[in-house]
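Beneath this line is the structure, given in structure tokens, with notes to follow.
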Amino acid sequence: MLEEKDIKRLIEKVIAQMVAKEQVENKIESVDTQKYDEDLRDLVALDLKEWFLVEDAHDKNGYMKMKAYTPARIGVGRAGVRYKTDTMLRFRADHAAAQDAVFTDVSDDFINELKLFSVKTKCKDKDEFLTRPDLGKQFDEDQIGIIKDKCNKKPQVQIYVSDGLSSTAIEANVKDVLPAIMQGLESYGISVGTPFFVKYGRVGAMDEISEALDADVTCVLIGERPGLITAESMSAYIAYKATIGMPESRRNVISNIHKGGTPPVEAGAHIAEVIKIMLDKKISGVELKL
């Protein structure tokens, strides 16, 4: 656990770097923005459960017991009617991490490391992806052609990865989740098609992929909308015989996959089990009794 003096020292560094970054953005002078980003990540990494900023608390031990069971911002104190500086900076840091998760892309190096080929939806850039959710569910013919060319037709299970609304979630979790799913399905004797990556993808893109490959079950690992608790949360959406235009009630979802929620390896094993049940019962969504 960091001591209070260490937390304050880090906060002072982040304040200085925030001012410096604003100067760069306003073209006032040149500073090391990479160092700012590193310090910001250090601040976000601090566990809020260790913070206690309420002065003269009547029951500090009771506060700390509550904080042990929730990531909520309790016991953060206040200065009059306002947040304390420490609390406000952590809030800004978490907000910045959430923005980065949405607006940055999954790196090519990460995709290549996982040996995934890449396609993209009809969205031409991040702005269009955020403002036109419908285009994030559709592919141009050449992209469907790539999927058909590189993947096995009629797989029992087709798994793919998509950035969704958090590239951070993908890079934080997929390396553990994907192998766990593959190993789990292999242990059940279930064959899996060729995994790949979809850029600018919404959940509904799985329907077009399912039809193109005639997959029995389709599973997408996709970044969730980030919040102020974590920007690293990922979900797995799974459907049996998904078709374009089908109701959302035909999907199952395993959400909150991250180090502070459902651990990635544990989630992978559970996803494999759910897929097996779908194949056995030939159904998914609200009608599937797990």
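The values are calculated or read from the model by the stated rules, or taken from the named source; none is laboratory data. None of the values given here were measured: they were computed from a predicted structure. Quick reminder, even Gly has a Cβ in these numbers, built from the backbone with ideal geometry, and neighbours come from all protein chains shown.
Report the residue count in the range 256-290 for those that are outside any helix (DSSP H, G or I) and more than 18 Å from the chain's Cα centre (by Cα).
6
Condition check: closer than 22 Å to residue 235 by Cα, out of contact with any helix residue (DSSP H, G or I) (no Cβ under 7 Å at 6 or more places or on another chain) and in a helix (DSSP H, G or I). Does residue 186 satisfy that?
yes
Kindly provide the set of residues from the range 148-164 that are in contact (Cβ under 8 Å) with a residue 40 or more places away in the chain and either surrounded by fewer than 22 Cβ atoms within 10 Å (Cβ to Cβ) or in a helix (DSSP H, G or I) (or both), ordered by number.
Correct list: 148, 150, 151, 152, 153, 154, 155, 156.
Which condition breaks for residue 230 when tested against (1) at pLDDT 95 or above; (2) crowded, with 19+ Cβ neighbours inside 10 Å?
In the conditions (1) at pLDDT 95 or above; (2) crowded, with 19+ Cβ neighbours inside 10 Å, residue 230 misses (1) alone.
Output yes when any residue across the range 87-101 is part of a loop (DSSP other than H, G, I, E, B), in contact (Cβ under 8 Å) with a residue 12 or more places away in the chain and out of contact with any Leu (no Cβ under 7 Å at 6 or more places or on another chain), and no when none is.
No: zero hits.
Which one of these is assigned to a helix (DSSP H, G or I), in the same structural domain as residue 246 (by TED's automatic domain parsing) and either within 30 Å of residue 76 (Cβ to Cβ) or in contact with a Phe, Trp or Tyr (Cβ under 8 Å, 6 or more places away or on another chain) (or both): 136, 145?
136
State all residues of the range 227-247 that are farther than 21 Å from residue 275 by Cα and either out of contact with any helix residue (DSSP H, G or I) (no Cβ under 6 Å at 6 or more places or on another chain) or among the hydrophobic types (A, V, I, L, M, F, W, C) (or both); if no residue qualifies, say none.
Selection gives 227, 228, 229, 230, 231, 245.
So for the range 170-189 (the condition being surrounded by fewer than 18 Cβ atoms within 10 Å (Cβ to Cβ), within 26 Å of residue 286 (Cα to Cα) and in contact with a Lys or Arg (Cβ under 9 Å, 6 or more places away or on another chain)), does at least one residue qualify?
For the range 170-189, residues surrounded by fewer than 18 Cβ atoms within 10 Å (Cβ to Cβ), within 26 Å of residue 286 (Cα to Cα) and in contact with a Lys or Arg (Cβ under 9 Å, 6 or more places away or on another chain): present.
Scan the range 190-219 for residues that are β-branched (Val, Ile, Thr), surrounded by 21 or more Cβ atoms within 10 Å (Cβ to Cβ) and outside any helix (DSSP H, G or I) and report the count.
Residues flagged as β-branched (Val, Ile, Thr), surrounded by 21 or more Cβ atoms within 10 Å (Cβ to Cβ) and outside any helix (DSSP H, G or I) within the range 190-219 amount to 3.
Just to be sure before I move on: is residue 201 at pLDDT 95 or above, within 16 Å of the chain's Cα centre (by Cα) and under 21 Å from residue 130 (Cα atoms) in the structure I sent?
Considered against the rule, which asks whether it is at pLDDT 95 or above, within 16 Å of the chain's Cα centre (by Cα) and under 21 Å from residue 130 (Cα atoms), residue 201 comes out as yes.
Within the range 108-140, track down each residue that is surrounded by fewer than 19 Cβ atoms within 10 Å (Cβ to Cβ) and among the small types (Gly, Ala, Ser).
Within the range 108-140, just 118 meets the criteria.
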